[in-house]
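Asker: Can you keep this structure in mind? I'll have questions shortly.
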Amino acid sequence: METLKKSLPDKLVGCLQCAQRVVVLTGAGISAESGLPTFRGDGGLWKKYKADDLASLDGFLQKPDVVWEWYEYRRSIYAHARPNPGHLALAEMGKFYADFTLITQNTDGLHLAAGSENILELHGSLHRNRCHLCGKLYPEQVVSNGQVPPRCGCGGMLRPDVVWFGEPLSPSILDGALRAASEAQVFFSVGTSALVQPAASLPLAAKKRRAVLVEINIEPTPLSPAADFFLEGKASEWLTLIKEVLQ
Ligand code: BV8
Ligand code: ZN
């Protein structure tokens with residue numbers, strides 16, 4: 001069956017071609033086409049645990065070994081993931097605009113691998129570890145001296161350098177994201193269920209300051225009613241189309 005050829009609304013093309021300040025917020029959906037499971041899609045389950053419970057400070061304090069194992073499992077699948085055309089299109093878009101900010105909730109590092117610059121990793125990165133006690137940073141691969149999770153020299157437990165539910169985001173990164181959102185002329189929300197705060201408030205902050213709000217998702221989200229343009233479908237398809245009209 002001939003799939004419907006997607007085309008961008010003319011009004012949106014006009015906005016994109018004359019904008020100077022563009023911001024993109026991405027979520028797990030943009031990495032789905034790189035083979036990475038989303039957070040809440042198909043149950044977001046691992047063994048019998050919910051991702052949201054494991055990606056939380058409480059979860060780590062209650063069962064640090066299970067949480068560490070979950071992250072080691074995720075790192076093992078992230079290791080094989082490559083940027084998909086959606087990540088690559090965003091890297092190209094970043095070169096087209098004088099003032100382009102990429103804000104991601106993802107911890108998979110695929111935007112960096114795709115060549116994007118000026119990335120704000122709201123929720124940190126799975127490719128780094130840090131000591132839960134003294135904050136010392138460690139590389140992704142750590143020698144676990146038989147203890148799970150491995151220990152820092154200070155005796156603290158190591159954990160991935162991510163922001164868990166119940167933990168504050170880095171103030172400098174969040175301020176940077178809020179500033180970019182409030183100055184954006186066009187704000188894209190791509191592949192996110194728009195549920196997690198404070199990330200989910202960024203598109204609305206942009207809209208409040210008169211930005212054109214574009215949402216790209218395979219299904220509607222709580223943000224969709226506020227969007228000026230809702231592009232239903234895969235991130236890679238829409239972003240590749242957008243890249244093409246900008247070239
Ligand atoms: C904090 C890192 C305060 C770990 C993650 C109001 C204000 C402030 C806080 C809250 C609040 N209400 C509730 C809270 C608490 C909480 C929260 O938001 N809870 C929610 C669930 C209600 N927020 C927090 O705890 C935050 N901290 O506010 O701190 C504070 C201050 C002082 C002292 C103490 C505390 C911290 C939140 C960060 C949590 N960490 N991840 C890790 O990755 O392991 S969040 C996690 O969810 C991931 O990072 C993920 O990216 C993120 C968001 O999910 P999505 O990316 O949207 O993924 P999801 O699966 O949900 O959706 C995928 C979407 O893609 C779907 O819509 C699907 O349709 C679409 N899709 C699929 N395929 C495609 C596609 N779209 C396009 N193309 C495709 N091919
Ligand atoms: Zn330490």
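Only the coordinates and a few stated rules stand behind these numbers; no lab work does. Computed from a prediction, not measured in an experiment: that's the story for all the values here. Neighbour counts are summed over all protein chains in view; Cβ atoms, including those assigned to glycine, are modelled from backbone coordinates with ideal geometry.
Asker: How large is the dipole of region 116-187 about the Cα centre if only Lys and Arg carry +1 and Asp and Glu carry -1, each at its Cβ, rounded to the nearest 20 debye?
Answerer: Values: 6 positive and 7 negative charges, 78 e Å.
Using Cβ point charges on Lys, Arg, Asp and Glu, region 116-187 gives about 380 debye.
Asker: Something else: Could you point to the residue in Ala235, Val212, Leu158 farthest towards the positive end of region 138-247's charge dipole, with +1 and -1 charges on the Cβ of Lys/Arg and Asp/Glu respectively?
Answerer: Leu158
Asker: Further question on the same structure: Pairs Lys207/Lys234; Lys50/Lys207; Lys50/Lys95; Lys48/Lys136; Lys11/Lys95; Lys48/Lys234: which exceed 27 Å Cα-Cα? Walk me through the numbers before you get to the answer.
Answerer: On the way: Lys207/Lys234 23 Å; Lys50/Lys207 32 Å; Lys50/Lys95 38 Å; Lys48/Lys136 31 Å; Lys11/Lys95 22 Å; Lys48/Lys234 29 Å.
Violating the 27 Å limit, Cα to Cα: Lys50/Lys207; Lys50/Lys95; Lys48/Lys136; Lys48/Lys234.
Asker: What translational diffusion coefficient, to the nearest whole µm²/s, does region 150-233 have by Stokes-Einstein, given a Kirkwood radius computed over alpha-carbon pairs, a temperature of 25 °C and 0.890 mPa s viscosity?
Answerer: Values: Rh = 14.5 Å.
Roughly 169 µm²/s, to the nearest whole number.
Asker: Sticking with this one: In what order do Leu137, Leu57, Leu25, Leu223 fall by count of nearby beta-carbon atoms within 10 Å, going from fewest to most? List each step's numbers first, then the result.
Answerer: Details: Leu137 9, Leu57 15, Leu25 29, Leu223 21.
By the 10 Å Cβ count, ascending: Leu137, Leu57, Leu223, Leu25.
Asker: Output wanted: per-residue J couplings in Hz (rounded whole) for region 212-222, from phi through Karplus 6.51 cos²θ - 1.76 cosθ + 1.60, θ = phi - 60°, x for Gly and Pro.
Answerer: After applying 6.51 cos²θ - 1.76 cosθ + 1.60, I find 7, 9, 10, 10, 10, 7, 7, 8, x, 10, x Hz.
Asker: What distance in nm separates the two pseudo spin-label positions at Glu167 and Leu137, each 7 Å out from Cα along the beta-carbon direction?
Answerer: About 1.4 nm, to one decimal.
Asker: Taking the Cα centre of region 60-191 as the origin, how large is its charge dipole in debye, to the nearest 20, when only Lys and Arg (+1) and Asp and Glu (-1) carry charge on their Cβ atoms?
Answerer: Details: 11 positive and 13 negative charges, 75 e Å.
Roughly 360 debye, rounded to the nearest 20.
Asker: If you don't mind, another one. How large are Rg and Dmax for region 99-196 when only the alpha carbon atoms are used, in Å?
Answerer: 15.7, 52
Asker: Now for a separate question. Give me Rg/Rg_expected for the chain, where Rg uses Cα atoms only and Rg_expected = 2.2 N^0.38 Å with N residues.
Answerer: Values: Rg = 18.6 Å, N = 247, 2.2 N^0.38 = 17.9 Å.
Taking the Cα Rg and dividing by 2.2 N^0.38 Å, one obtains 1.04.
Asker: Here's another thing I want to ask about it. At 222 nm, what helix-only mean residue ellipticity would the chain give, in deg cm²/dmol to the nearest 500, using -39500 (n - 2.57) for each DSSP H run of four or more?
Answerer: Values: 10 runs with 86 residues, N = 247.
Dividing the helical sum by the residues of the chain leaves -9500 deg cm²/dmol.
Asker: Express the C-alpha Rg of region 17-128 as a ratio against the empirical globular expectation 2.2 N^0.38 Å, rounded to two decimals. Numbers along the way, then the final one.
Answerer: On the way: Rg = 15.5 Å, N = 112, 2.2 N^0.38 = 13.2 Å.
Ratio of Cα Rg to 2.2 N^0.38 Å: 1.17.
Asker: Then there's this: For Cα pairs less than 8 Å apart in space and 6+ apart in sequence, what is the mean separation divided by the residue count of the chain, i.e. the relative contact order in percent? Before the final figure, lay out each step's value.
Answerer: Working: 437 pairs, mean separation 58.3, N = 247.
Rounded, it is 24 percent for the chain.
Asker: Now a separate question. Arrange the following residues from fewest to most other Cβ atoms within 10 Å of their Cβ: Glu167, Glu215. Write down the numbers at each step before the final one.
Answerer: On the way: Glu167 13, Glu215 25.
In order of increasing Cβ crowding within 10 Å: Glu167, Glu215.
Asker: Could you pull out every residue, at least 5 positions away or on a different chain, whose amide H is within less than 5 Å of the one on Leu25? Hs are placed 1.01 Å off N in the peptide plane, and Pro or chain starts have none.
Answerer: Ile103, Phe188, Ser189, Val190
Asker: Trypsin sites (Lys or Arg not before Pro), restricted to region 17-108: which are DSSP loop and have at most 11 other Cβ atoms within 10 Å? Don't skip to the end; give the middle numbers.
Answerer: On the way: sites: Arg21, Arg40, Lys47, Lys48, Lys50, Arg74, Arg75, Lys95; in loops: Arg40, Lys47, Lys48.
Passing sites in region 17-108 are Lys47, Lys48.
Asker: Shifting gears a bit: Working from the alpha-carbon coordinates of region 197-247, get Rg over Rh, Rh being the Kirkwood radius.
Answerer: Working: Rg = 11.9 Å, Rh = 11.8 Å.
We get a ratio of 1.00 for region 197-247.
Asker: Hey, got the dipole for the chain? About the Cα centre, +1 on K and R Cβ, -1 on D and E Cβ, debye to the nearest 20? Let's see the in-between values first.
Answerer: On the way: 25 positive and 26 negative charges, 65 e Å.
Around 320 debye, computed over the chain.
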